[in-house]
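Pasting a structure below so you can have a look.
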Amino acid sequence: MTVETHAFQAEVKQVLHLVIHSLYSNKDIFLRELVSNASDACDKLRFEAIRQPELLGDDSTLAIDIRFDADARTVTIADNGIGMSRDELAEHLGTIARSGTKKFLENLSENDKSNAQLIGQFGVGFYSAFIVADRVSVTSRRAGSDEAWTWESSADGEFTLAGADRATRGTTIVLHLREGEDEYLNGWKLRSLVHKYSEHIDFPIRLPAEKAGEEGDGDESDELETVNEATALWTRARSEISDDEYKAFYKHVSGDFGDPLVWTHNRVEGNQNFTSLLYVPAKAPFDFMGGGRDERKGLKLYIKRVFIMDAAEQMLPPYLRFVRGVVDSDDLPLNVSRELLQSSRQVERIKGALTKRAIDLLEKLAREEPERYAGFWKEFGGVLKEGVADDPSSAERLMKLLRFPSTQSAGPDELVALEQYVERMKPGQDAIYYLTADGWNAARNSPQLEALKARGIEVLLMHERIDEWMAGYLTRFADKPFRNVAKGELDLDALEGADDAGTRAKREEAAKAAEPVVEKIKAALGERVKEVKVSSRLTDSASCLVLGEYDMALHMQRLLKAAGQ
Ligand code: ADP
Ligand code: MG
């Protein structure tokens, strides 16, 4: 039989190198990743079998079998799921298609200790097999095909493909353990890893049965027994599920390496019956911001416990695209298509309920654990801001979740909520003042702030890229209007109180005295400005540019000019 040799894509080589060198202290995770893939493969088969029952044939008990051979020093993970064709083997195990991968890898340095964390956010998946194995062979037969192929590699830059024999559909992965990794040639060890990481995979995970009177290693019987609970986690009662179980399940659904920040697990009964288990990650995946608004994974739709598809786009609004988890509906038809999901009123209702749940969860976190909420905001605040504009029906609640630095902050990370801002408004202050700018320093040093600073009025400093656009949708909060300090007249007189009547008179006098100067400046600037005015806006600077109430922000004008508009 001929053996073809293929080179890995350059990115795969780098990922392999990183995984092997950064994740050694977490090496146990290889089993979780391979079992997770086997479970996904069984899910996919069960889904395809809805339309093509013959794919299941007489092999309808989907399961994941783990064996080891102490003499050959191998651990084997086999499933009877969907399998892979020759081309799928080459593509799925030889390339990385995710956008932004190259850039991500360039930013990692050789000896950086944080690489383990970063590569975790990347999602290591199949390649984690090479942490413990120096040679991996994958033999697979796609459901519905009678061809089998073996993919094999020693992580040295290339892999081989060769025709193979496999009597039935599915995938078998053989790990040839590295020197010193013999601890995995042990039934007890493998069992404990299954319990720890894969207890609630919805398929039986089977290991060689322990013979009475034996300690696990040595001679195991050929008979297999199921070692995990094998029930979908979300179908169990909340009170029976431990935090560790929720966390382990999160890693399976999200591909994330770290723990989730928070989660919410609910059963809804009424005219729609469904269960949801939603997680908020602690860290954004590496390609989260670069991935764009359309590329979304992470919310799995099940119907009556059968995995249907990744349906984040249909089940959650774009500004909640960081949410991961599972929705399991009792009522949707098993044969739903993506198109049907898009137009279904049932789905629309579920989406509404999930949106509410997710916002509830964030509100609770913000209220009860402000420091952890700040961590969330740092990772995903920029995305949540989109909701203020995109989802008018939730805008009121979302506004309470916004956080900004202000003129009272020592740095860009010291943030204030709108409720807090309103609470500490000056007597007589009737608006929420904000400034938008393209960067923290530009915002902080803006001459537009001088008059407000002089009066001790706090101004929100919106210095992120999305803020200018979002601010256009901020109209009122707690009955107070928003006012952009760079636009139109700032009516600050009300704030000065009766005692300041003298100041006002003085200012009017000063304005009169300045009239000849104003006329001169007007003549010099001519058409380039609309108006020249004496202002109470400044205390230190001699002059500043002010926009008309409806003009575009200065940095937006600059951006458009740079883009040739
Ligand atoms: P992910 O699971 O996040 O997609 P992995 O690196 O874990 O990434 O796996 C890469 C791909 O290889 C999977 O998406 C799947 O298409 C394929 N694959 C891996 N293991 C199996 C398996 N046991 N059966 C079928 N396909 C598999
Ligand atoms: Mg995987």
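Mind listing just one residue for me: the one in segment 227-273 that is part of a strand (DSSP E or B) and touching a residue at least 60 places away in the same chain (Cβ under 8 Å) and, of those, nearest to ligand 1 (Cβ to nearest atom)?
Taking segment 227-273 as the starting set, the residues that turn out to be part of a strand (DSSP E or B) are 260-268.
Then keep just the ones that are touching a residue at least 60 places away in the same chain (Cβ under 8 Å); that gives 260-264, 266, 268.
On the way: PRO260: 17, LEU261: 21, VAL262: 23, TRP263: 20, THR264: 24, ASN266: 26, VAL268: 29 Å.
Among them, the one singled out is PRO260.
Related question: Given the residues ASP391, ASP430, which is the only one that is at pLDDT below 95, surrounded by fewer than 18 Cβ atoms within 10 Å (Cβ to Cβ) and not β-branched (Val, Ile, Thr)? Before you say what the answer is, go through the steps one by one.
Details: ASP391 fails: at pLDDT below 95.
None of the others qualify; the one that does is ASP430.
Another one. Within segment 295-320, take every residue that is assigned to a strand (DSSP E or B) and of a type in the set (Phe, Trp, Tyr) and give me the one that is farthest from ILE359 (Cα to Cα).
The first filter runs over segment 295-320 and keeps only residues assigned to a strand (DSSP E or B), leaving 299-303, 306-310.
Applying the additional criterion that residues be of a type in the set (Phe, Trp, Tyr) yields 302, 307.
Values: TYR302: 22, PHE307: 25 Å.
The residue in question is PHE307.
I'd like the full set of residues that are free of Cβ contacts under 8 Å to residues at least 60 places away in the same chain and either within 16 Å of ligand 1 (Cβ to nearest atom) or within 14 Å of ALA78 (Cα to Cα) (or both), limited to segment 165-198.
ARG166, ALA167
List pairs: first residue in segment 36-50 and farther than 13 Å from PRO204 by Cα, second residue within 13 Å of ligand 2 (Cβ to nearest atom) anywhere in the structure, Cβ distance under 6 angstrom, at least six positions apart or on different chains.
Matching pairs, first to second residue: ALA41/ASP79; ALA41/GLY81; LEU45/GLY81.
How about segment 161-170: which of its residues are under 22 Å from SER36 (Cβ atoms) and outside any strand (DSSP E or B)? Can you show your working first?
Residues of segment 161-170 under 22 Å from SER36 (Cβ atoms): 166, 168-170.
Of everything in segment 161-170, those that are under 22 Å from SER36 (Cβ atoms) and outside any strand (DSSP E or B) turn out to be ARG166, THR168, ARG169.
I've got another one for you. Condition test on SER22, is it within 16 Å of ligand 2 (Cβ to nearest atom) and either touching a Lys or Arg at 6+ places or on another chain (Cβ under 7 Å) or not basic (Lys, Arg) (or both)?
Against the criterion (within 16 Å of ligand 2 (Cβ to nearest atom) and either touching a Lys or Arg at 6+ places or on another chain (Cβ under 7 Å) or not basic (Lys, Arg) (or both)), SER22 does not qualify.
Can you tell me which condition VAL138 does not meet? The list is (1) under 31 Å from the mean Cα position of the chain (by Cα); (2) under 18 Å from LEU177 (Cβ atoms); (3) away from ligand 1 (no atom under 15 Å from the Cβ); (4) not hydroxyl-bearing (Ser, Thr, Tyr), and all the others hold.
(3)
Now, a different point. Here are the criteria: (1) within 16 Å of ligand 2 (Cβ to nearest atom); (2) under 16 Å from VAL136 (Cβ atoms). Tell me which single one PHE8 does not satisfy.
The number of the failed condition is (1).
Residues GLY218, GLY213, GLY255: which one is modelled with pLDDT under 95 and closer than 30 Å to GLY382 by Cβ?
On the way: GLY218 fails: closer than 30 Å to GLY382 by Cβ; GLY213 fails: closer than 30 Å to GLY382 by Cβ.
Unique residue meeting the criteria: GLY255.
Looking at LEU118, LEU89 in this structure, which one is within 9 Å of ligand 1 (Cβ to nearest atom) and either under 23 Å from the mean Cα position of the chain (by Cα) or in a helix (DSSP H, G or I) (or both)?
Values: LEU118 fails: within 9 Å of ligand 1 (Cβ to nearest atom).
One residue alone meets the criteria, LEU89.
If you take just the helices (runs of 4 or more DSSP H) that sit entirely in segment 391-454, which of them hold at least 3 residues that are small (Gly, Ala, Ser) and either in contact (Cβ under 8 Å) with a residue 12 or more places away in the chain or more than 19 Å from TRP377 (Cα to Cα) (or both)? Before you say what the answer is, go through the steps one by one.
Working: elements: 392-401, 418-423, 440-444, 450-454.
Answer list for segment 391-454: 392-401.
Given the conditions (1) surrounded by fewer than 14 Cβ atoms within 10 Å (Cβ to Cβ); (2) over 29 Å from the mean Cα position of the chain (by Cα), which single one is not true for TYR24?
Only one criterion is unmet by TYR24, namely (2).
Name the residues in segment 112-127 that are in contact with a helix residue (DSSP H, G or I) (Cβ under 7 Å, 6 or more places away or on another chain) and more than 16 Å from ligand 2 (Cβ to nearest atom), would you? Before the answer, list the steps.
We begin by selecting, within segment 112-127, every residue in contact with a helix residue (DSSP H, G or I) (Cβ under 7 Å, 6 or more places away or on another chain); these are 115-116, 119, 122, 124-127.
ASN115, ALA116 - these are the residues of segment 112-127 that are in contact with a helix residue (DSSP H, G or I) (Cβ under 7 Å, 6 or more places away or on another chain) and more than 16 Å from ligand 2 (Cβ to nearest atom).
Go over the candidates VAL347, VAL326 one by one and state the one that is β-branched (Val, Ile, Thr) and either in a loop (DSSP other than H, G, I, E, B) or touching a residue at least 60 places away in the same chain (Cβ under 8 Å) (or both). I'd like the intermediate steps shown before the answer.
On the way: VAL347 fails: either in a loop (DSSP other than H, G, I, E, B) or touching a residue at least 60 places away in the same chain (Cβ under 8 Å) (or both).
The match here is VAL326.
Against the condition out of contact with any Phe, Trp or Tyr (no Cβ under 9 Å at 6 or more places or on another chain), over 15 Å from ALA451 (Cβ atoms), modelled with pLDDT of 75 or more and among the small types (Gly, Ala, Ser), how does ALA486 come out, does it pass? Reasoning before the result, please.
On the way: out of contact with any Phe, Trp or Tyr (no Cβ under 9 Å at 6 or more places or on another chain): yes; over 15 Å from ALA451 (Cβ atoms): no; modelled with pLDDT of 75 or more: yes; among the small types (Gly, Ala, Ser): yes.
Against the criterion (out of contact with any Phe, Trp or Tyr (no Cβ under 9 Å at 6 or more places or on another chain), over 15 Å from ALA451 (Cβ atoms), modelled with pLDDT of 75 or more and among the small types (Gly, Ala, Ser)), ALA486 does not qualify.
Within segment 30-39, is there a residue that is within 16 Å of ligand 1 (Cβ to nearest atom) and surrounded by fewer than 18 Cβ atoms within 10 Å (Cβ to Cβ)?
Start the filter on segment 30-39 by keeping residues that are within 16 Å of ligand 1 (Cβ to nearest atom), which leaves 30-39.
Checking which are surrounded by fewer than 18 Cβ atoms within 10 Å (Cβ to Cβ) leaves us with none.
No - not one qualifying residue is present in segment 30-39.
Now a separate question. All but one of (1) within 13 Å of ligand 1 (Cβ to nearest atom); (2) touching a helix residue (DSSP H, G or I) at 6+ places or on another chain (Cβ under 6 Å) hold for LEU105, so report the exception by its number.
Among (1) within 13 Å of ligand 1 (Cβ to nearest atom); (2) touching a helix residue (DSSP H, G or I) at 6+ places or on another chain (Cβ under 6 Å), the lone unmet condition for LEU105 is (1).
Exactly one condition in (1) farther than 30 Å from THR235 by Cα; (2) of a type in the set (Lys, Arg); (3) touching a Lys or Arg at 6+ places or on another chain (Cβ under 6 Å) is not met by ARG169; state its number.
Answer for ARG169: the failing condition is (1).
From the residues in segment 408-427 that are buried (at least 16 other Cβ atoms within 10 Å of the Cβ) and among the small types (Gly, Ala, Ser), which one is farthest from SER535 (Cα to Cα)?
ALA417
While we're looking at this one, here's another question. Looking only at segment 61-86, count how many residues are near ligand 1 (Cβ under 10 Å from one of its atoms) and outside any loop (DSSP other than H, G, I, E, B).
Qualifying residue count for the region: 4.
If a residue has to be assigned to a strand (DSSP E or B) and either of a type in the set (D, E, K, R) or at pLDDT below 90 (or both) to count, how many in segment 2-50 make the cut? Reasoning before the result, please.
At the first step, the residues of segment 2-50 found to be assigned to a strand (DSSP E or B) are 3-7.
Among the residues that remain, those that are also either of a type in the set (D, E, K, R) or at pLDDT below 90 (or both) are: 4.
Residues flagged as assigned to a strand (DSSP E or B) and either of a type in the set (D, E, K, R) or at pLDDT below 90 (or both) within segment 2-50 amount to 1.
Residue-by-condition table, conditions (1) at pLDDT 95 or above; (2) in a loop (DSSP other than H, G, I, E, B); (3) more than 16 Å from ligand 2 (Cβ to nearest atom); (4) under 18 Å from LEU23 (Cβ atoms):
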residue: ALA97; (1), (2), (3), (4): no, yes, no, no
residue: ALA129; (1), (2), (3), (4): yes, no, no, yes
residue: ALA143; (1), (2), (3), (4): yes, yes, yes, no
residue: THR150; (1), (2), (3), (4): yes, no, yes, no
residue: PHE159; (1), (2), (3), (4): yes, no, yes, no
residue: THR172; (1), (2), (3), (4): yes, no, yes, no
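Scan segment 39-65 for residues that are closer than 13 Å to VAL174 by Cα and either in contact with a Phe, Trp or Tyr (Cβ under 9 Å, 6 or more places away or on another chain) or within 16 Å of ligand 2 (Cβ to nearest atom) (or both) and jot them down. Working first, answer last.
Initially, segment 39-65 is screened for residues closer than 13 Å to VAL174 by Cα, giving 65.
Those that are closer than 13 Å to VAL174 by Cα and either in contact with a Phe, Trp or Tyr (Cβ under 9 Å, 6 or more places away or on another chain) or within 16 Å of ligand 2 (Cβ to nearest atom) (or both): none in segment 39-65.
The values are calculated or read from the model by the stated rules, or taken from the named source; none is laboratory data. Note that the structure is a prediction, hence the values are computed from the model and not measured. Please note: Cβ atoms are built from the backbone with ideal geometry, for glycine as well, and neighbour counts cover all protein chains shown.
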